[in-house]
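Enquirer: The structure's right below; bear with me while I get my questions together.
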Amino acid sequence: DVKVTQSSRYLVKRTGEKVFLECVQDMDHENMFWYRQDPGLGLRLIYFSYDVKMKEKGDIPEGYSVSREKKERFSLILESASTNQTSMYLCASSQGARGAFFGQGTRLTVV
Amino acid sequence: GESVGLHLPTLSVQEGDNSIINCAYSNSASDYFIWYKQESGKGPQFIIDIRSNMDKRQGQRVTVLLNKTVKHLSLQIAATQPGDSAVYFCAEGGDRDDKIIFGKGTRLHILP
């Protein structure tokens, strides 16, 4: 079975903290994605990566960075967390131009 | 000032009836289209996809229709069941890269 695993289901961080969200996939997929999901706004793409050490900005990259040192792992980094980054974060992976498979999500609260 | 959030469109369907969820996509160069189902507390789950060179594709109890002329995508669910209650997202991708862009979603509510 396809599996995308996000390291935490729930996370509470303080304003200004550096936050790492980790995502691992076991399908040897080329592409990995980070989205955030907010009520009424759907899923918005933050960053995606189509190969190791490659990254592309999505629609809302401001305040975030990513790291893909290994094919199976894609990390989302909040350099200095702010309250407007409180959200549900979803990681996904896909192979080529195919539908993506999602992790369970990380609900991040910044206080 | 007060910010007003966008409300998710809701479709209410009687159990046993067919459901049709519609979606307008934005990029005429998109190469493939996907429907996802998201249940409460879970990540989106892939349902069915369709390539731009097709206008219809069927799965188990689901059918996706693509009308490229008006950039419209629909998901038909036959004999809707309580377990179909979820938010449904359409997504498009495959223009210049494999980036997948999602629509806002529609909540499907099943009436007993």
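FYI, it's all coordinate maths here, none of it is from the lab. Note that this is a predicted model, so its numbers are computed, not measured. Glycine gets a Cβ as well: all are built from the backbone with ideal geometry, and neighbour counts include every protein chain shown.
Enquirer: Run through every distinct alpha carbon pair of the protein assembly as shown and return the Kirkwood hydrodynamic radius in angstroms, one decimal place.
Expert: 18.1 Å
Enquirer: Three principal axis extents, largest first, for the C-alpha atoms of segment A:51-111, in Å?
Expert: For segment A:51-111, the Cα extents along the three principal axes come out at 37, 23, 21 Å.
Enquirer: Here is a follow-up. Quick one: of A:Lys57/B:Lys37; A:Lys55/B:Lys71; A:Lys3/B:Lys37, which pairs are farther than 22 Å apart, Cα to Cα?
Expert: The answer is A:Lys57/B:Lys37; A:Lys55/B:Lys71.
Enquirer: Could you bin all the Cα-Cα distances of chain A into 5 Å bins starting at 0 and give me the percent of pairs in each, rounded to whole numbers?
Expert: 2, 13, 25, 27, 19, 10, 4, 1
Enquirer: Given the options A:Phe33, A:Phe20, A:Phe48, which has the most mean-square fluctuation in a GNM of chain A, springs set between C-alpha atoms less than 10 angstrom apart?
Expert: In the Gaussian network model the winner is A:Phe20.
Enquirer: If you wrap a convex hull around the alpha carbons of segment B:30-111, what volume per residue comes out, as a whole number of Å³?
Expert: Value for segment B:30-111: 100 Å³ per residue.
Enquirer: What does the charge add up to near B:Ser52, with Lys and Arg as +1, Asp and Glu as -1, over the other residues with Cβ less than 9 Å from its Cβ?
Expert: Around B:Ser52, the surrounding residues sum to +1.
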